[in-house]
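Single-structure report; data block below.
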Amino acid sequence: MATVARRERERSTPVALAPAVAAATVFVASGAVLMLEVLAVRLLAPYVGLTLETTTSIIGAALAGIAVGAAFGGWVADRTDPRQLIVGLLIGGGLLALLTVPIVRWLGPGARGGGQLAALGITLLALVPSAAVLSAVSPTMARLQLSDLASSGTIVGRLSAWATAGGLVGTFGTGFVLVPRMPISIAVLGIGLVLVLVGLVLGGYTRALARAGATGAVVATAALALLAATRHSPCDAESSYHCASVEMGRTSATGRDLVLDNVHNSHVDLANPAHLEYPYTKWIAHAIDATAARPRQPLDVTFVGGGGFTLPRWLTATRPGSHGQVLEVDGKLVQLGRERLGFRTSPHLRVTVGDARMTMRKRPDASADVVVGDAFGTWAVPWHLTTREWTQEVKRVLRPGGLYALNMIDLRPLDLLHAELATLLPLFRDVQLVTLPGEDGLPAGGNAVLLASDRRLPDDVASEADGAVGYDREAVVAIAARGRRLRDDYAPVDQLLTTP
């Protein structure tokens, strides 16, 4: 009787897959989860910004999906045919991946300005289902492959190792290969198609997928792929850092606005490089003119952040013979500037592509009359360009008596502005502030230009253009009183920043 029961169990237990097939399957499934996680950061950025909260929401959602999928996959695998389940999970995960782009493009515009809750909500809808389904592949595969308890540790360990390897390859491959070379939507589309294809091939190999099921999967894949392809990107250029687009200016036929991640970043006039549209650019230009020894005197200026290259173009147009060095992290933004924004490099105006903390180190000591910091955005602030250590690097590059002009954006209670002022004050002899005032006379919020030098700044360094007010060092000390100095070891910029 016992022998009959054992034979019956053997007949009802699916035969394990070849070790190489099992390893390849979990490798692909786990790699896809991590690839979707990395790509979700860029998909969401145009709508909810690229902040620590956005990244945290995406990582948390992916982990939640992995946890749910691991538990769900193991439970279901004990109650159904693991071969059929694995095939269904791969195809289902691929179809859900194809839905990622439409979900984000549908919900994204309505989430703009929604902050952390918007980022979390879209992420949960777009990422958790596919992550959960694909993460169920590994425990299901372990259930299929376990035929002998004596080798269970070896089998589970091997599958876990291959799944981890897939995650590593997916993470590095996405960040270093896919994102720099193709639009995000195309990358997601490719992941979905590969998953469905692997599911169909595995279904045919194991004979676990009927012809009707395969036909249905192909039809569904074609429909979702078409849907994903027709959900157009809001970007003219997608890079590792930005969703960038160029719009017609609203004040002249030759004006162009650069939009980064749904925020108007810069304005240029193609016919008049000396034209400055945004108030903060006028404040910086006025400060440069006020500190220069003579009008139209050539200057050496290092620009941290290119954006639309408004101020670099202004410099070469208004001060012939000047030398400008732009440090821009995003090479695609430089390309867009050349193609759409009238930006031209020359022996007098050069660009170095790379992170400013790295590229600034290559700038010679005392090589700049002015350093302009214009790398901060409404949604995202590179925290490592706010700290004491970074500011010391700026001081090294500045000549004696040079000017550091830093543009930043913060809203009340202005915690980030207070912290940045508190960071600059001990390092410079004079620190002043130019911004719009509130009814109480204190900064109202929005763009603020911080001016710092190791000499006393001129009395007229602060521009009053567009209703701005200048705050001298005494006023800055009072404003920064409750700010905590930022350093590489402590710079919670995303928590200090208040956004619209």
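The values are calculated or read from the model by the stated rules, or taken from the named source; none is laboratory data. Please read all numbers here as calculations on a predicted model, not as lab measurements. As a convention, Cβ positions derive from the backbone with ideal geometry for all residues, glycine included, and neighbour counts pool all protein chains shown.
Odds and ends about this structure:
- Filter result for the condition that a residue is assigned to a helix (DSSP H, G or I) and over 28 Å from Gln432 (Cβ atoms), over Leu315, Leu336: Leu336
- Of all residue pairs spaced 6 or more apart or on separate chains, those with beta-carbon atoms under 8 Å, a first member in region 333-345 that is in contact (Cβ under 8 Å) with a residue 24 or more places away in the chain and a second member that is assigned to a helix (DSSP H, G or I) and not aromatic (Phe, Trp, Tyr) are Gly342/Arg313; Phe343/Pro312; Phe343/Arg313; Phe343/Val334; Phe343/Gly337.
- Test result for Ala444, small (Gly, Ala, Ser) and either touching a residue at least 40 places away in the same chain (Cβ under 8 Å) or not assigned by TED's automatic domain parsing to the domain that holds Pro426 (or both): no
- Verdict on Gly255 being surrounded by 14 or more Cβ atoms within 10 Å (Cβ to Cβ), modelled with pLDDT of 95 or more and out of contact with any helix residue (DSSP H, G or I) (no Cβ under 7 Å at 6 or more places or on another chain): yes
- The condition of being touching a Pro at 6+ places or on another chain (Cβ under 7 Å), in contact (Cβ under 8 Å) with a residue 24 or more places away in the chain and at negative phi does not hold for Ala237.
- Hits in region 450-474 (condition: within 16 Å of Pro279 (Cα to Cα) and assigned to a loop (DSSP other than H, G, I, E, B)): Val461, Ala462, Ser463, Glu464, Ala468
- Summed over region 379-415, the residues that are in a loop (DSSP other than H, G, I, E, B) and within 23 Å of the chain's Cα centre (by Cα) give a count of 6.
- From the list Val21, Val104, the one residue that fits, being touching a Leu at 6+ places or on another chain (Cβ under 9 Å) and at pLDDT 95 or above, is Val21.
- All positions within region 453-466 that are in contact with a helix residue (DSSP H, G or I) (Cβ under 8 Å, 6 or more places away or on another chain) and modelled with pLDDT of 90 or more: Ser453, Asp454, Leu457, Pro458, Asp460, Val461, Ala462, Ser463, Asp466
- Scanning region 234-291 for residues that are under 30 Å from Met35 (Cα atoms), part of a loop (DSSP other than H, G, I, E, B) and either touching a Ser or Thr at 6+ places or on another chain (Cβ under 6 Å) or not aromatic (Phe, Trp, Tyr) (or both) gives Pro234, Cys235, Asp236, Ser239, Ser240, His242, Asp261, Asn262.
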